Amino acid sequence: MSKNLLEVKNLSVAVDGKQILDGVDLIIHKGETHVLMGPNGTGKSTLVSTIMGDPNFEITGGQIFIDGKEITNEPADVRAREGIFLSFQTPEEIPGVTVENFLRMAKSAREGRPTKIMAFQKELKNRMEELDMDPSYASRYLNVGFSGGEKKKTEILQLLMLQPKLAMLDETDSGLDVDAVRIVSQGIRSYHNRDNAVLIITHNAKILEGMDIDYVHVLENGKIRKTGGRELADEIIEEGFSALKAETRND
């Protein structure tokens, strides 16, 4: 069995005194792709934001480990340097900081050393071509004036440039047309290898096409209620979560 890349143990989380997660357990090994599904408002974004270290989410119980190292109380920047990456449903705009400068600073911080400019620019150009991005976007302020699709592509560009250990993608396919979803999916497949792992939150099977899915987890009312393979995602997309509730009542 491969070493645990991420281990979440009995994690409970509250926001403004309201309990959102209630004893979540999750283990992800290197080389795996996991999918997290569930009705809206059940804690999916809370889980990945807490793993990333968002201070708006209060951990009221449990632990989080990355590569065997406990990070339960570490700030987000430490977790990022440990190799955790989170793409957001609605990426933030950062006026005054170009895409190229942002990525160069982030890459230097991630690797703990200055980046070599020529090699970095060559890699950036190649990655942007891979994502069918206009090269002029490298000199534009991060996400400022970008369409929804371009913002999501920029998130995947960050993923490809930073090469984190764990990529958590929170509805990266939300609001994208079919062509953009295909490109984003290709970018995720290009990133993924046996030394890293992917956790995808989605309601759409399109982004999963061509991916080898190891586990699908259903999060409901703050707990992981069911875990299965790719067929579980297909069942949910075809029949909705009501079928799972019926199964639970019949057990």
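Summing +1 for each Lys or Arg and -1 for each Asp or Glu, what net charge is found among the other residues whose Cβ lies under 11 Å from the Cβ of THR172?
Working: positive: LYS151, LYS152, LYS153; negative: GLU155, ASP170, GLU171, ASP173.
Summing Lys and Arg as +1 and Asp and Glu as -1 gives -1.
Taking the Cα centre of each part, how many Å lie between the stretch 98-118 and the stretch 216-237?
Answer, in whole Å: 37.
Rounded to whole Å, give me the distance from the Cα center of the stretch 11-43 to that of the stretch 157-197.
Their Cα centres are 20 Å away from one another.
Equivalent-ellipsoid semi-axes (√(5λ), Cα gyration tensor) for the stretch 1-150, whole Å, largest first?
On the way: eigenvalues 196, 72, 45 Å².
With the √(5λ) rule applied to the stretch 1-150, the semi-axes are 31, 19, 15 Å.
Measure nothing fancy, just the Cα-based angle from helix 178-191's long axis to the longest principal axis of the chain, in degrees from 0 to 90, nearest 10.
With both axes taken from Cα atoms, the answer is about 90 degrees.
Contact order normalised by length for the stretch 63-167, with contacts defined as Cα pairs under 8 Å and 6 or more residues apart; what percent is it? Mind showing how you got there, number by number?
Numbers: 101 pairs, mean separation 41.3, N = 105.
Reported as a whole number, the value is 39 percent.
Quick one: plug the Kirkwood hydrodynamic radius of the chain (C-alpha pairs) into Stokes-Einstein at 10 °C, 1.306 mPa s, and report D in µm²/s.
On the way: Rh = 18.8 Å.
After rounding, the answer is 84 µm²/s.
If each of ALA76 and ASN40 carries a label point 7 Å out from its Cα toward its Cβ, how far apart are those two points in nm?
So the label points at ALA76 and ASN40 sit 2.4 nm apart.
Can you work out the Karplus-derived ³J(HN,Hα) for every residue in the stretch 14-28? Use 6.51 cos²θ - 1.76 cosθ + 1.60 with θ = phi - 60°, whole Hz, and x for glycine or proline.
10, 10, 6, x, 9, 6, 10, 10, 9, x, 8, 10, 8, 10, 10
Using a 7 Å offset from the Cα along the Cα-to-Cβ direction at both VAL15 and LYS69, what is the distance between the two label points in nm, to one decimal?
Those two pseudo-labels are separated by 2.8 nm.
Taking the dipole about the Cα centre of the chain, with the C-beta of Lys and Arg at +1 and of Asp and Glu at -1, give me whichever of ASN143, THR202, SER108 is farthest to the positive side.
Going by the charge dipole, the pick is SER108.
Defining a contact as two alpha carbons under 8 Å apart and six or more residues distant in sequence, what relative contact order in percent does the stretch 104-229 show?
Working: 117 pairs, mean separation 25.0, N = 126.
Relative CO of the stretch 104-229 lands at 20 percent.
Taking amide H positions as placed in the peptide plane 1.01 Å from N, state which residues far from GLU82 in sequence (5 or more) or on other chains have amide H under 5 Å from it.
When sequence neighbours closer than 5 places are left aside, there are no close amide H contacts.
On C-alpha positions alone, give me the angle between the axis of helix 230-239 and the longest principal axis of the chain, in degrees, nearest 10.
So the inclination is approximately 80 degrees.
Before anything else, pin down the relative contact order of the chain: Cα pairs under 8 Å, at least 6 apart, normalised by residue count, whole percent. Don't jump to the answer; show the numbers that get you there.
Values: 450 pairs, mean separation 65.0, N = 251.
Relative CO of the chain lands at 26 percent.
In whole percent, and with a 1.4 Å probe on the protein chains, what portion of the accessible area of the stretch 22-130 is carbon and sulfur? Show your work: numbers first, answer last.
Numbers: 2740 of 5410 Å².
Of all accessible area on the stretch 22-130, carbon and sulfur atoms account for 51 percent.
Using only the alpha carbons, work out the radius of gyration and Dmax of the stretch 149-205 in angstrom.
So, for the stretch 149-205, Rg and Dmax equal 10.6, 30 Å respectively.
When the Karplus curve 6.51 cos²θ - 1.76 cosθ + 1.60 is applied with θ = phi - 60°, which whole-Hz ³J(HN,Hα) does each residue of the stretch 132-140 get, with x for Gly and Pro?
6, 9, 4, x, 5, 5, 4, 9, 8
If the viscosity is 1.567 mPa s and the temperature 4 °C, what translational diffusion coefficient in µm²/s does Stokes-Einstein give for the stretch 74-180 when Rh comes from Kirkwood over Cα pairs? Don't skip to the end; give the middle numbers.
On the way: Rh = 14.2 Å.
Result for D is 91 µm²/s.
How long are the three semi-axes of the equivalent ellipsoid of the stretch 41-121, in whole Å, if each is the root of 5 times an eigenvalue of the C-alpha gyration tensor, listed from largest down? The partial results should precede the final answer.
Working: eigenvalues 149, 59, 17 Å².
Over the Cα atoms of the stretch 41-121, the semi-axes work out to 27, 17, 9 Å.
Past the 22 Å Cα-Cα mark, which pairs from LYS165/LYS226; LYS151/LYS226; LYS152/LYS206? Walk me through the numbers on the way to the answer.
Details: LYS165/LYS226 25 Å; LYS151/LYS226 32 Å; LYS152/LYS206 15 Å.
Beyond 22 Å between Cα atoms: LYS165/LYS226; LYS151/LYS226.
Which number gives the lysine pairs in the stretch 21-126 that have C-alpha atoms under 20 Å apart and are eight or more places apart or on different chains? Don't jump to the answer; show the numbers that get you there.
Numbers: LYS30/LYS69; LYS107/LYS116; LYS107/LYS122; LYS107/LYS125; LYS116/LYS125.
For the stretch 21-126, the number of qualifying lysine pairs is 5.
Starting from the 7 Å offset along Cα-to-Cβ, what nm value, one decimal, do you get for the label separation of GLU58 and THR98?
Output for this residue pair reads 4.4 nm.
Please work out the average accessible area per residue across the stretch 99-232, using the 1.4 Å probe convention, and give it in Å².
Working: 6220 Å² over 134 residues.
Accessible area per residue: 46 Å².
The values are calculated or read from the model by the stated rules, or taken from the named source; none is laboratory data. Just so it is clear, the structure is predicted and the values come from calculations on it, not from any experiment. Cβ: placed from backbone, ideal geometry, glycine included. Neighbour counts: every protein chain shown. The accessibility values were calculated without ligands, DNA or RNA, using every heavy atom of the protein model including side chains. Shrake-Rupley method; radii C 1.70, N 1.55, O 1.52, S 1.80 Å.
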